[in-house]
Structure formats: structure tokens, C-alpha cells
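I have placed the structure first, in the form of C-alpha cells, so that the comments after it can refer back to it.
Computed from the coordinates by the stated procedures, all read-outs in this text should not be read as laboratory data. Bear in mind that the values here come from a model prediction, so they are computed numbers and not experimental data. Using ideal geometry, Cβ is built from the backbone for each residue, glycine included, and neighbour counts are taken over all protein chains shown.
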Amino acid sequence: MRNAPALPTGRRFLSQTAEHALRAALYLGRQERGKLVPASTVAAALGTPPNYTAKTLRQLTRKGLLRSVRGPHGGFALLKSPSVLSVARVVDAVDEGVARPAVCLLGDRPCGAARRPCGAHRRWAEVQEHTSELLERTTLGELLGDEAPFGSTKRHGPPASEPRRTR
């Protein structure tokens, strides 16, 4: 998987950091549950710079998505099952607070609902909203599909939209 290509979206709508974080989370999601994987192993498998990968994994750890253990037998592992971890949660963990300027699609002026919006504004806002909703509804488990860890089922728990049932 060295120098693996970017996610097959056709168009980039995730930041480079968010894309790396998602690819790393998917890689960890393919491992046996709880298995610690060193950052250098993740970076080598994804073809990403080791320092950048380690920094991204630490961000995911600080946001409560990964567990990390230091030392020669340490590494990173998903804290939650891929079947309940949304793509949006991974993306937001690394892109939180990243300012995205409201640039007009039709020109060089600020654009927004509070100002005099351009003709593309309303439709573009709908596209962004639909994209956000789709990222919220899509889990890592769904993206992994048949590449779920060996010896496990595709779903490690109830779907993200269903609460856990207790006896």
C-alpha cells in the first residue's frame, strides 16, 4: 500500500490532514480489535510521512478516537468499533477550528446569507449540508466492508443510528 493514491473521490473535499486521518483510522479499523500499531507502521502502509502521521494519530488520540501506548511495544488502536465511528467524527477531530473562508463561488467577494449572497450561494449551502449529513451517517465499518478484521464480523456492534440494547 506504499504511496497509496488519495481516496477515490474524484474531487478533493477533505483537507489533506482529514484525508490522512481517515485513511489511518481505516487502516487501524482493519486490524484485530485492540491491536496496537506503531505510527511508523501506519505511515509505511499508507505511504505518508512518519512525523505527519504520528502527529495526526496523536490528534485523534486527544479527541478520544484512539488509544495510544508509548514504548517499544506501543502504538495506536481504535477505541471505538468501526461500526459506530462516523467519518465526520474523524474529520472533525483533525479539522476542528479550521477556518474555512466563505468565499463567493462566482467572484472574489465575501458571500453569505447575512450579506447579499451570490446566485450560487443557496445551492452551494445545500451541497455542503448534504455532504455533512452523509459524513455523519457513514461509519468506518461501512467503508471497510469486506475488509473487516480477520475473525470478526463486519459490524462490531449496532449501527451508529441504533442505540445499544441492554438485557
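Quick notes
- Binning all Cα-Cα separations of the stretch 16-147 at 10 Å, short to long from zero, yields these whole-percent fractions: 12, 37, 26, 16, 8, 1.
- Scoring 119-131, 23-35 by mean Cβ neighbours within 10 Å over their residues and listing the highest first yields 23-35, 119-131.
- Projected label points at Val127 and Leu106, each 7 Å from Cα along the beta carbon direction, are separated by 1.4 nanometres.
- Stretchable slack from Arg116 to Thr41, in nm (0.36 nm times residue separation minus alpha-carbon distance): 22.0 nm
- Between Leu79 and Ser15, the contour length at 0.36 nm per residue exceeds the alpha carbon distance by 20.7 nm.
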